[in-house]
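> Dropping the structure in here first, questions after.
Please treat every number below as a calculation from the coordinates, not as lab data. Since we're looking at a predicted model, the values are computed, not measured. Virtual Cβ from ideal backbone geometry, glycine too; neighbours counted across all protein chains shown.
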Amino acid sequence: MRKIVITGGAGFAGSHIVDEACQKYPDARVVVLDKMTYAGDVRNISHHVFSNRVQLLVGDVADLDLCRRVVKGACLVIHAAAESHVDNSFGNSLEFTRTNVLGTHALIEACRQERVPKVVHVSTDEVYGEVMSGAAAEDDVLRPTNPYSSSKAAAEMILRGYIQSYHEPIVIIRANNLYGIRQFPEKIIPRFICHLLTGRRLPLHGNGSNRRHYLSTRDFARAVLFVAEQGVVGETYNIGTTEEYTNLEMAELVCKHFGRSVDQLVDFVPDRPFNDARYSISWSKLQGMGWKPQHSLREDLGMLVDWYRDNLERYTELFGTPEVQAITQTLAML
Ligand code: NAD
């Protein structure tokens, strides 16, 4: 039976890769290695764990011995574990370096020692830094601007060394911002949705003019496995979409869905120490191989809101118990 290892599989993006892998390879054994930080939630993959499709191992990717044991015999390793929230990286940047850089190094060294035949590393469009016009291509220079994106770029540099020195069979993907169910509500879309569901106002960084592209996690997960199968070892692939919003436009989109006006609900809050104005990538390389996005946020927003409404109890620590939420909502109506 083929063994596929997915690090960070109990997190947001990782759990969608787990879904896709289970669907695409029904006879494979999927092993998730996850440290279960605040961002990991067993409920993200419990449907697979309970049906014995997926084995969840709780541990740290920075632990070389553990990684060796986990990846031994795997035909594919997909590395999605990371500290992923830019805001947190300003206050806790060493933890980002530990997990994202040292963790990637330990994992790839384990893969080298255990001769894993293919590794897909999940990176981000943020490694290119700000792109105000045009779109970054895979060979462009990396100019990260915050501790999160710097740690992701540093991880890629380690991998480049392994590709050149050891001919490690690594493929790197760099994705746009993702949206989808199960995203922890520290990120903008679920945060706005949960705030509106619980009668709260929307905090908006700076003047709301920063722009981001938003790609469905379903399209992302499909692309990850597409690249795992068809990607050329040593190559990097951008995964993107044309759907782009400023943060203010995002607030408007979500408010409109709730039948509310953004003017009444937004609080402009101090910006990050540095906040890239815009990211933009070209994914023509992947498109040329036959992949393109199939979903859009505009179409998926209703489904997302329904999911967060049905699963608000997961986020009690952030938004209070159902009773507190009901009171906050009632007060907001007055
Ligand atoms: P997430 O924060 O939702 O999940 C990260 C997962 O990694 C969690 O389950 C966490 O417990 C686990 N983890 C953290 N530290 C670990 C460690 N030391 N060892 C093992 N597991 C650990 O993140 P996400 O948004 O799902 O992002 C997943 C990957 O996708 C990351 O590499 C991120 O850089 C990349 N990415 C995310 C986006 C996005 O918009 N979310 C966009 C592009 C790329």
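> Relative to the longest principal Cα axis of the chain, at what angle does helix 12-24 sit, 0 to 90 degrees, rounded to 10?
The angle comes out near 60 degrees.
> Another question, then. Just order 168-180, 209-221, 58-70 by mean Cβ neighbour count inside 10 Å, highest at the front, would you?
Details: 168-180: 24.1, 209-221: 21.6, 58-70: 18.2.
The most tightly packed comes first, giving 168-180, 209-221, 58-70.
> Aspartates and glutamates near LYS285 by alpha-carbon distance under 13 Å, same-chain residues fewer than 8 away left out - which ones?
GLU138, ASP139, GLU235
> Mind checking the angle between helix 103-113 and the chain's longest principal axis? C-alpha axes, 0 to 90 degrees, to the nearest 10.
Helix 103-113 sits roughly 20 degrees off the main axis of the chain.
> Also, I was wondering about something else. Counting Lys and Arg as +1 and Asp and Glu as -1, what is the net charge of the other residues whose Cβ lies under 12 Å from the Cβ of ILE181?
0
> Exceeding 19 Å between C-alpha atoms, which entries from my cross-link table qualify? They are LYS256/LYS292; LYS35/LYS118; LYS72/LYS118; LYS3/LYS72.
Too far apart for the 19 Å limit: LYS256/LYS292; LYS35/LYS118.
> At a 10 Å Cβ-Cβ cut-off, how would you order HIS167, HIS205, HIS16, fewest neighbours first?
HIS167, HIS205, HIS16
> Could you tell me the center-to-center distance, by alpha carbons, between the stretch 259-328 and the stretch 1-31 in angstrom?
Here the two parts' Cα centres lie 24 Å apart.
> Among TYR162, PRO117, LEU204, flag the residue with its Cα farthest along the positive direction of the charge dipole of the stretch 101-209, charges on Cβ as +1 for Lys/Arg and -1 for Asp/Glu.
LEU204
> While we're here: When the chain is fully extended, how far beyond the present Cα-Cα distance does GLN164 get from ALA137, taking 0.36 nm per residue of separation?
Length difference between fully extended and current span is 7.7 nm.
> I'm a student and want to see the number: the projected area of the Cα convex hull of the chain, averaged over all directions, in nm².
Mean projected area for the chain: 16.3 nm², to one decimal.
> Further question on the same structure: I'd like the orientation of helix 247-257 relative to the chain: the angle between its Cα long axis and the longest Cα principal axis, in ° from 0 to 90, rounded to 10.
60 degrees
> OK, next. Among TYR245, HIS16, PRO185, whose Cα lies farthest out toward the positive end of the dipole of the chain, if unit charges sit on the beta carbon of Lys, Arg (+1) and Asp, Glu (-1)?
HIS16
> Count charges around LYS3 for me, please; just the other residues with Cβ under 10 Å from its Cβ, Lys/Arg as +1, Asp/Glu as -1. Could you put the intermediate results ahead of the total?
Working: positive: ARG2, ARG29, LYS72; negative: none.
Charge balance near LYS3 sits at +3.
> Contour minus end-to-end for VAL233 and TYR38, with contour as 0.36 nm per residue of separation and end-to-end as the Cα-Cα distance?
66.9 nm
> Net charge near ALA28: determine it from the other residues with C-beta under 15 Å of the C-beta of ALA28, scoring Lys and Arg +1 and Asp and Glu -1.
My count for the surroundings of ALA28 gives +2.
> Viscosity 1.306 mPa s, temperature 10 °C: Stokes-Einstein D of the stretch 119-203 from its Kirkwood Cα radius, in µm² per second?
Once the numbers are plugged in, D ends up at 105 µm²/s.
> Can you pull out the trypsin sites (Lys or Arg not before Pro) in the stretch 227-285 that DSSP calls coil and that have at most 16 other Cβ atoms within 10 Å? Before the final figure, lay out the partial values.
Numbers: sites: LYS256, ARG260, ARG278, LYS285; in loops: ARG260.
Sparse-neighbourhood loop trypsin sites (Lys or Arg not before Pro): ARG260.
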